[in-house]
1. Take residue 454 and tell me if it is modelled with pLDDT of 75 or more, more than 29 Å from the chain's Cα centre (by Cα) and in a loop (DSSP other than H, G, I, E, B).
2. Please determine, by comparing only the residues of segment 207-242 that are part of a loop (DSSP other than H, G, I, E, B), touching a helix residue (DSSP H, G or I) at 6+ places or on another chain (Cβ under 9 Å) and without any contact (Cβ under 8 Å) to a residue 60 or more places away in the chain, which one is farthest from residue 158 (Cα to Cα).
3. Restricting segment 25-41 to residues that are part of a loop (DSSP other than H, G, I, E, B) and surrounded by 22 or more Cβ atoms within 10 Å (Cβ to Cβ), which is modelled with the lowest pLDDT?
4. If you take the residues in segment 255-274 that are closer than 25 Å to residue 41 by Cα and out of contact with any helix residue (DSSP H, G or I) (no Cβ under 8 Å at 6 or more places or on another chain), which one is modelled with the lowest pLDDT?
5. Would it be correct to say that residue 225 is at pLDDT 90 or above, closer than 30 Å to residue 125 by Cα and crowded, with 16+ Cβ neighbours inside 10 Å?
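The values are calculated or read from the model by the stated rules, or taken from the named source; none is laboratory data. Computed from a predicted model, the values in this text were never measured in an experiment. Glycine also receives a Cβ, built like all others from the backbone with ideal geometry; neighbour counts cover every protein chain displayed.
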């Protein structure tokens, strides 16, 4: 089971919470991001000037680009240099016992970013906030890189914050030097690696500018602007059947640069929108709570795999037993309610994957099975890979019926199996809708393929819907 920061450092969750620290997982990826917009409202003492520093950094780049005449002159090159953000030595929102760093922005991506900023400035928009929104239109720039830019600019503030928290919590520290200043950062136990704590209140799980699909959230408080943007997009980008489609970043960039007044309104609307930090108490997307739920269910409903040793001959049956036990937990033991948040909205598919991972991991460790999530395999990640020895591997992929299950079954798992040399694969489908046409078609397709002699993934169907209790049924 992945461990939280509090577990690694041997301190209470509440102690980190009092200091405002994001209690993420060690050596495990996070889908939270530092939102520059939130820097403007943070109450963290060390970060009181962070947003001003962030804006000043990019305002200086804007001023330099306003003087650029070509991509070869000294001004453009100077701006380009200032948009290169090396990988952080200490900070990663996934954290790490090995000092993992963020994505960073190298010369090539920085060059594209510089060109886009210059084009925006040339159409008359010189507000540095464009760098907070550039993820809408710039290829290779997403929430993670915008977050990395913010972290890079405010790194000294984060180091000072981490030093204070380490002192308050009496943690072991290690001396590091950054930009000519020394800090005593919390040292991860049993290693020489320093880490940096991130305040929870500057994090979001839904960054505003991560692609064309986020336009509506930029316009969230201005229906007229949203309608005008959608009308222009609908008139400009249509599919083969003539229906409006979502434009690519490149297409949206072209559209906005040719409608600078629209881009200017988007910038102003974004600035007026209230910044919204993630609610870690309610954890609506389930990015943290899955850990506690998984531990609770694994403890309350232990699984005996009834094998003394996992071998290549029985590994598929062992993993199928874990999957079927997960099915029982969901359908009969109340785990299904945790697939939905307090507003009765389905939590995202990644949450279900994490929940399964946590429960499966507990059972695997009890039987000396390795379980690795999302390995870097060929054309894409496998949701889970369970292995016993080098040649005995089982891939497990989890999909909701509300998503494209046929595509995943037909295309993804065979590709991943080839990349990971898996001997078996399991497609665990969670029913989240009341219509089963796609599921029925998938099962028929699988049966037909197996009947023709093809090797296909096993299918396990889990009903994740919530039904009224017997006392409420009339």
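1. Spelling it out, residue 454 is indeed modelled with pLDDT of 75 or more, more than 29 Å from the chain's Cα centre (by Cα) and in a loop (DSSP other than H, G, I, E, B).
2. Within segment 207-242, the match that is farthest from residue 158 (Cα to Cα) is 237.
3. Among those residues, the one meeting the criterion is 32.
4. So, considering only residues that are closer than 25 Å to residue 41 by Cα and out of contact with any helix residue (DSSP H, G or I) (no Cβ under 8 Å at 6 or more places or on another chain), the one modelled with the lowest pLDDT is 274.
5. No, not satisfied.
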